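In what follows, a single structure is set out as structure tokens and then discussed.
Nothing in this text is a laboratory measurement; each read-out follows from the coordinates by a stated rule. This structure is a prediction, so every number in the text was calculated from the model and none was measured. Because the Cβ atoms are built from the backbone with ideal geometry, glycine has one as well, and the counts that use them run over all protein chains shown.
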Amino acid sequence: MISVAEARTRILAAFAALPAETVALPDALGRVLAEPVVARLTQPPFDAAAMDGWAVRAADVAEACADHPVTLRRIGESAAGHAFSSRVGPGEAVRIFTGAPLPAGADAVVMQEDCTADAHTVRIGRAVAAGRFVRHAGFDFAAGQELLPKGRRLTARDVALAAGANVPWLAVHRRPRVAVLATGDEIALPGDPLGPSQIVSTNALGLCALVTTQGGVAHNLGIARDTAESVAAMAAGAAGCDLLVTTGGAAQGDYDLVRDVLADKGVSLDVHAIAMRPGKAVMFGRAGSVPLLGLPGNPVSTGVTALLFLRPVLRVLQGLPPDEDAGPVRARLAVALKANDRREDYLRATLATGADGGLTVTPFARQDSALTSLYARADCLIRRAAHAPPASPGEMVEILSLSGGALNP
């Protein structure tokens, strides 16, 4: 067996960012930029009002106050999309609305709350300095300015920014295409009739969901039965994909056929057992031209190993670092833990906020890798190193979050 760290190193070394493709801006949400987004215009493109009010020359209202307002001649209006075309001269003012271009000659805006107007004049009841309530051209960004860097996964805010910069098309990394194959006579699809010795298949659907949340395109190949012919035929459906993920059949039992069948197809394995719990039976190599990641059959083992190995692969394929930028997260242990053995352990656990605002973590009493209900309730995994000594309540331990980002884009 090799360590989790060594397995990750070997697996990730086999992947690089996928080529770029061009997509329309409305289709770019969640994609990863292969090139920076550069502004095609200056925003705002002109000096604009930041408030509803009156465009004036600051010098004309320098002595204005509530008790002694200054009266100016009203000469027009500037609204968003409808600029005032003439110039503001001494003693003149223009009604202006938020976002509207500041007329030539004016250099400030007085809020409407400080003004009283009739059909021909406006009385200004407050002095303003030049530039007050004016957003100058380029206040937000300038043409040619880099707004979003290469390697960024696009959020809704990013899409809005690119739209404001007049960028209708973006270069992004191609989505990873991942084929998912479940194996075993004992599993059936949800809703199908169950035989007396069968259970419902969960792993493939969960893996496809993970691939989707991470920005990939999942291809569910279905369920291969426990025959060499079925495994080989179903696995052939991964042709053209960037990765084949299998679940089940990776151990060494009489009915664990994935390794033997794919070996006949020329598979070469770089990983075949990892010193971790849950999830010892993980394999990685190539099945012909397609990389192969074989995950265990127990559902929690599948989920944990997918988090540790599949998720970083999907990130790398999209031009992202394998892990989030944030360093290890730690929480205060609520209960005692026994010494660990030679396998790195990932305990399913819940989080709570203590009286001091810090995080407290409590592992479930039962840690069997078949307990999908507890895995769904878990907030995090407690990572325990191989041969970790006993831990007492109050000690800080490393956790991997399962909410707020761990399985999300």
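Points worth noting:
- Residue with peak Gaussian network fluctuation, the chain [Cα springs, cutoff 10 Å], from V70, V245, V231: V70
- Pairwise label distance in nanometres, D356 with L25, each label 7 Å out on the Cα-Cβ vector: 4.9 nm
- P(r) weight above 16 Å for the range 109-223, C-alpha pairs, percent: 77 percent
- Gyration tensor over alpha-carbon atoms, the chain, equivalent ellipsoid semi-axes in Å: 62, 27, 17
- Beta bridges assigned by DSSP with both partners in the chain are antiparallel in approximately 65 percent of cases.
- Using the Cβ-Cβ distance between D323 and S85 with R0 set to 41 Å, the FRET efficiency from 1/(1 + (r/R0)^6) comes to roughly 0.15.
- Computed from label points 7 Å out along Cα-Cβ, the spacing between A188 and R342 is 4.1 nm.
- For the range 18-172, DSSP calls about 85 percent of its internal beta bridges antiparallel.
- The calculated FRET efficiency for the pair R330 and L41, based on their C-beta separation and a Förster distance of 35 Å, comes to about 0.15.
- Based on alpha-carbon atoms, the Kirkwood radius and the radius of gyration of the range 329-401 give Rg/Rh equal to 0.95.
- Here the range 21-120 is described by how far its Cα atoms reach on the three principal axes: 63, 26, 23 Å, from widest to narrowest.
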